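The values are calculated or read from the model by the stated rules, or taken from the named source; none is laboratory data. A quick note: this is a predicted structure, and the numbers were derived from the prediction, not measured. Neighbour counts are summed over all protein chains in view; Cβ atoms, including those assigned to glycine, are modelled from backbone coordinates with ideal geometry.
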Amino acid sequence: MKPAGHAIIACVFAVAALVTYAIMQAVHIDPHRQQTSLALIVASLAATSLGAAIWRREAPDTPLMRVQALLGATLAVTSVAVSLAMQWAARWMAYPEIAIPVAAVGCFVYPFFGTKRVWEGAPK
């Protein structure tokens, strides 16, 4: 995938996380109960689906394991960056030293489970 594709995936992740966090704030969910991780989960779901579809369209002959690993790495780095920025700006996690590494691992692992259906369903 081209670098622009990785940038699009990172932007989708950031926007999805921020929108989910804003919705959680609007319905008065307490951020210090570690429910802010939901924002990272929703962002991972959205970015993985879009990333697999973009990758399939740009490079359909790429092996699925490579796509999953590179997509996971992109999401892990992006989740750390978004989490650190939001922690600095809004103090959105009660225990960031625990939640941020767990989120990074989760964002790396999820594409190994969530891309196959999108990969097979997307047109070449």
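Quick grid of which residues meet (1) within 11 Å of Ile9 (Cα to Cα); (2) at pLDDT 90 or above:
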position	(1), (2)
Gln34	no, no
Thr48	yes, yes
Trp55	yes, no
Pro101	no, yes
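When Thr20, Thr36, Thr115, Thr74 are checked against the criterion of being polar (S, T, N, Q) and without any contact (Cβ under 8 Å) to a residue 24 or more places away in the chain, Thr20 stands alone in meeting it.
State whether one or more residues within the range 89-97 are closer than 30 Å to Lys116 by Cβ, modelled with pLDDT of 85 or more, in contact with a helix residue (DSSP H, G or I) (Cβ under 9 Å, 6 or more places away or on another chain) and assigned to a helix (DSSP H, G or I). The answer is no; no qualifying residue exists.
Please indicate, with yes or no, whether at least one residue in the range 41-60 is within 20 Å of Phe113 (Cα to Cα), of a type in the set (D, E, K, R) and crowded, with 19+ Cβ neighbours inside 10 Å. There is at least one residue in the range 41-60 that is within 20 Å of Phe113 (Cα to Cα), of a type in the set (D, E, K, R) and crowded, with 19+ Cβ neighbours inside 10 Å.
What residue, among those in the range 102-124 that are part of a helix (DSSP H, G or I) and among the basic types (Lys, Arg), is surrounded by the fewest Cβ atoms within 10 Å (Cβ to Cβ)? If we take residues in the range 102-124 being part of a helix (DSSP H, G or I) and among the basic types (Lys, Arg), then Arg117 is surrounded by the fewest Cβ atoms within 10 Å (Cβ to Cβ). Filtered by the rule that a residue be in contact (Cβ under 8 Å) with a residue 24 or more places away in the chain and surrounded by fewer than 13 Cβ atoms within 10 Å (Cβ to Cβ), the range 92-101 gives a lone residue, Tyr95.
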